[in-house]
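K.L.:
Have a look at this one.
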Amino acid sequence: MRMPVKPDAKSQQGMTLLEVIIALAIFATAALALLNSMSSQMNAVEHFRTTLFASWVAENALVETQIQSGKKERETVTLAGQQWFVEQQHAVDAGNKILLNRALVLEAEGAHTPILSVSSWTHIATEKP
C-alpha cells in the first residue's frame, strides 16, 4: 500500500497578484455596467411618472373646459405635490362645426416646450329656431 504523497509548497501556491488584479478589473467593469443600467432605468421611470401625471392634468383641464363651456387660457394645477402649468388653445372650424381644444402641460411657468400636448374636438351645437 502506497502512502499519499504530500504536495510540496510550490504546488499549493494560490493566485498570483496579477490574477487577482485582473479578476478585480473584470468585477469592477461588470459592477459599473450594472450601475449604469440601473441609473438609466431610474431615469426612464421618472420620465414615465412625469408624463403620466401630465396626461392626467391635461385630460382633467380639457374635461373641465367642456363641462363649464369656458375658455381658460392659463391655469396652475397641483397634482401629486407638484405644480403643473396648463395652457389651453382653442380653434373653431365653422365649416365642419367643430371646436378644437388643446391643453399644453408645462413643468415651469415660463417653459417654452411642453411636457405633453393633448387635443380634443367638440361638436358645435347649432341653435334651433
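K.L.:
Which one of the conditions (1) free of Cβ contacts under 8 Å to residues at least 24 places away in the same chain; (2) under 30 Å from LEU99 (Cβ atoms); (3) surrounded by 11 or more Cβ atoms within 10 Å (Cβ to Cβ) does GLN68 fail to meet, given that it meets all the rest?
P.N.:
Here GLN68 meets the rest and fails (3).
K.L.:
Of the residues GLU107, GLU127, which single one is touching a helix residue (DSSP H, G or I) at 6+ places or on another chain (Cβ under 9 Å), among the acidic types (Asp, Glu) and modelled with pLDDT under 90?
P.N.:
Testing whether each residue is touching a helix residue (DSSP H, G or I) at 6+ places or on another chain (Cβ under 9 Å), among the acidic types (Asp, Glu) and modelled with pLDDT under 90 leaves just GLU107.
K.L.:
Can you name every residue in the range 65-98 that is at pLDDT 85 or above, aliphatic (A, V, I, L, M) and farther than 27 Å from PHE48 by Cα?
P.N.:
Once the filter is applied, which keeps residues that are at pLDDT 85 or above, aliphatic (A, V, I, L, M) and farther than 27 Å from PHE48 by Cα, the range 65-98 yields ALA91, VAL92, ILE98.
K.L.:
Related question: Suppose the filter is surrounded by fewer than 10 Cβ atoms within 10 Å (Cβ to Cβ), under 18 Å from the mean Cα position of the chain (by Cα) and not in a strand (DSSP E or B); does THR113 pass it? If you could, list the steps in order and put the result at the bottom.
P.N.:
Numbers: surrounded by fewer than 10 Cβ atoms within 10 Å (Cβ to Cβ): yes; under 18 Å from the mean Cα position of the chain (by Cα): yes; not in a strand (DSSP E or B): yes.
So THR113 fits the description; yes.
K.L.:
Looking for something in contact with a Phe, Trp or Tyr (Cβ under 7 Å, 6 or more places away or on another chain), in a loop (DSSP other than H, G, I, E, B) and at pLDDT 85 or above - is there at least one such residue anywhere in the range 13-25?
P.N.:
So far as the range 13-25 goes, no, none of its residues is in contact with a Phe, Trp or Tyr (Cβ under 7 Å, 6 or more places away or on another chain), in a loop (DSSP other than H, G, I, E, B) and at pLDDT 85 or above.
K.L.:
Right, another one. Would you mind stating whether THR122 is out of contact with any helix residue (DSSP H, G or I) (no Cβ under 7 Å at 6 or more places or on another chain) and among the hydroxyl-bearing types (Ser, Thr, Tyr)?
P.N.:
no
K.L.:
Considering only the range 41-63, state which residues are at pLDDT 95 or above and either more than 19 Å from ILE115 (Cα to Cα) or more than 16 Å from the chain's Cα centre (by Cα) (or both).
P.N.:
GLN41
K.L.:
Looking at this structure, is THR76 exposed (fewer than 13 other Cβ atoms within 10 Å of the Cβ) and outside any helix (DSSP H, G or I)?
P.N.:
Criteria met by THR76.
K.L.:
Based on this model, can you work out whether VAL92 counts as surrounded by 13 or more Cβ atoms within 10 Å (Cβ to Cβ) and of a type in the set (Val, Ile, Thr)?
P.N.:
no
K.L.:
Looking at the range 75-112 only, could you name the residues that are in contact with a Leu (Cβ under 8 Å, 6 or more places away or on another chain) and not acidic (Asp, Glu)?
P.N.:
Listed by number, the residues that qualify are TRP84, PHE85, VAL86, GLN88, GLN89, HIS90, ALA91, VAL92, ASN101, ALA103, LEU104, VAL105.
K.L.:
For the range 99-129, name all the residues that are among the basic types (Lys, Arg) and over 30 Å from PHE48 (Cβ atoms).
P.N.:
Step one: list which residues in the range 99-129 are among the basic types (Lys, Arg), which gives 102, 128.
Of everything in the range 99-129, just one residue is among the basic types (Lys, Arg) and over 30 Å from PHE48 (Cβ atoms), namely LYS128.
The values are calculated or read from the model by the stated rules, or taken from the named source; none is laboratory data. Everything quoted here is computed from the prediction, not taken from an experiment. Every residue, glycine as well, gets a Cβ built from its backbone with ideal geometry; the counts of neighbours run over all protein chains shown.
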